[in-house]
Amino acid sequence: MRREDTEGATSASTDSLLSTERERLLAHARALVGVTLAELADGLGLPVPAGRVHTKGWSGQIIERELGAGDGSGRGQDFAALGIELKTVPVDHDLVPRESTAVCQIDPIVIAGESWETSYLRQKLSQVLWVGLEVSSDADSVGDRQVVAVRLWTPSPDEQALLRADFELFVRSYFRRGRGAAITGHQGQVLQVRPKGRNAADRRRAFGPAGEPTQIGKCGFYLRPAFVARILRGK
């Protein structure tokens with residue numbers, strides 16, 4: 001067999017394996033619809049926090065453990081081999097997220113030199129497995145949250161255009177001009193730049209309007225609730 005034939009067969013075999021793993025992951029996630037986080041935690045042998053205090057991030061960690069995602073400690077997607085990012089979103093009865101969805105942190109210096117095509121943001125959003133968790137108004141614990149929606153999403157051309165337009169607004173009009181600190185949550189159609197530090201003292205190196213070294217509060221990219229709601233509804 002010629003070398004190019006061998007390479008072609010190997011590539012086809014790898015693609016087939018990845019497709020099978022992708023379908024297995026999606027089937028696993030869909031099987032969770034109707035299950036509460038408390039039930040998943042019990043199955044994993046993990047404790048369920050009492051009440052709603054100090055539980056931020058716990059919901060996502062339970063879904064990650066159940067589906068076998070990475071620990072989220074490094075850059076890249078949660079399912080790196082499959083090129084899939086996992087996003088767990090608290091929603092109401094109409095699948096509208098209760099809050100904006102965090103995507104990634106922003107390095108003010110690095111992002112000034114990026115284009116949409118080379119951006120970490122684009123990589124993170126290239127393929128996302130969304131898991132919607134309904135938050136009942138009378139729930140006593142975060143464990144009462146129930147999986148109500150699962151969708152594997154790749155941005156459509158129209159969605160890609162909206163994301164790109166917002167990204168370029170923030171990069172060209174703010175970060176490249178040393179004006180990152182002037183961004184507010186009101187800007188952007190589908191994307192927001194919002195604080196992501198522990199407090200006001202949590203800051204990152206940046207450049208000011210004259211190119212001088214400075215620092216600004218840590219921030220990150222977030223997706224607006226209305227945009228995520230359309231994704232979860234398949235619209």
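Express as a percent, rounded to the nearest 5, the fraction of DSSP beta bridges in the stretch 32-232 (both residues included) that run antiparallel.
Antiparallel bridges: around 75 percent, rounded to the nearest 5.
Number of Lys pairs in the chain with C-alpha atoms less than 20 angstrom apart, excluding same-chain neighbours closer than eight positions?
Counting lysine pairs in the chain gives 9.
Sequence-distant or interchain residues sharing an amide H contact under 5 Å with Val35, placed H: which?
Hits under the 5 Å cutoff: Val147.
Determine the relative contact order of the chain: mean sequence separation of Cα pairs under 8 Å and six or more apart, normalised by residue count, in whole percent.
Working: 364 pairs, mean separation 50.7, N = 235.
Relative contact order comes out at 22 percent.
Can you give the charge dipole size of the chain about its Cα centre, rounded to the nearest 20 debye, using +1 on the beta carbon of Lys and Arg and -1 on the beta carbon of Asp and Glu?
Charge dipole of the chain: 960 debye, to the nearest 20.
Please list 3J(HN,Hα) in residue order for the stretch 189-199, calculated via the Karplus relation 6.51 cos²θ - 1.76 cosθ + 1.60 where θ = phi - 60°; whole Hz, with x for glycine and proline.
Once θ is set to phi - 60°, the couplings for the stretch 189-199 become 7, 10, 9, 10, 10, 10, x, 9, x, 5, 7 Hz.
Sorted by packing (mean other beta-carbon atoms within 10 Å per residue), highest first, where do 184-192, 128-136, 146-154 land?
For the peptides 184-192, 128-136, 146-154, the packing ranking is 128-136, 146-154, 184-192.
Grab the Cα-Cα distance for Thr154 and Asp140, subtract it from 0.36 nm times how many residues apart they are, and report the gain in nm with one decimal. Provide the component values of the computation, followed by the final result.
Working: separation 14, 0.36 × 14 = 5.04 nm, distance 3.48 nm.
That works out to 1.6 nm of additional length.
State the volume of the convex hull built on the alpha-carbon positions of the chain, expressed per residue in Å³ and rounded to an integer.
Numbers: hull volume 37.5 nm³, N = 235.
Roughly 159 Å³ of hull volume per residue.
Quick one: which residues, 5+ away or cross-chain, put their amide H under 5 Å from the amide H of Arg203? H built at 1.01 Å from N.
Sorted by chain and number, the residues that satisfy this are Lys218.
Give the separation of the Cα centroids, the stretch 88-129 to the stretch 177-201, in Å.
Taking the Cα centre of the stretch 177-201 as reference, the centre of the stretch 88-129 is 13 Å away.
Mind checking which of Thr36, Val148, Trp130 is farthest towards the positive end of the chain's charge dipole, using Cβ charges of +1 (Lys, Arg) and -1 (Asp, Glu) about the Cα centre?
Trp130
Read the figures in this text as sums done on the coordinates, not as results from a lab. This structure is a prediction, so every number in the text was calculated from the model and none was measured. Ideal geometry is used to build each Cβ from the backbone, glycine not excepted, and the neighbour counts take in all protein chains shown.
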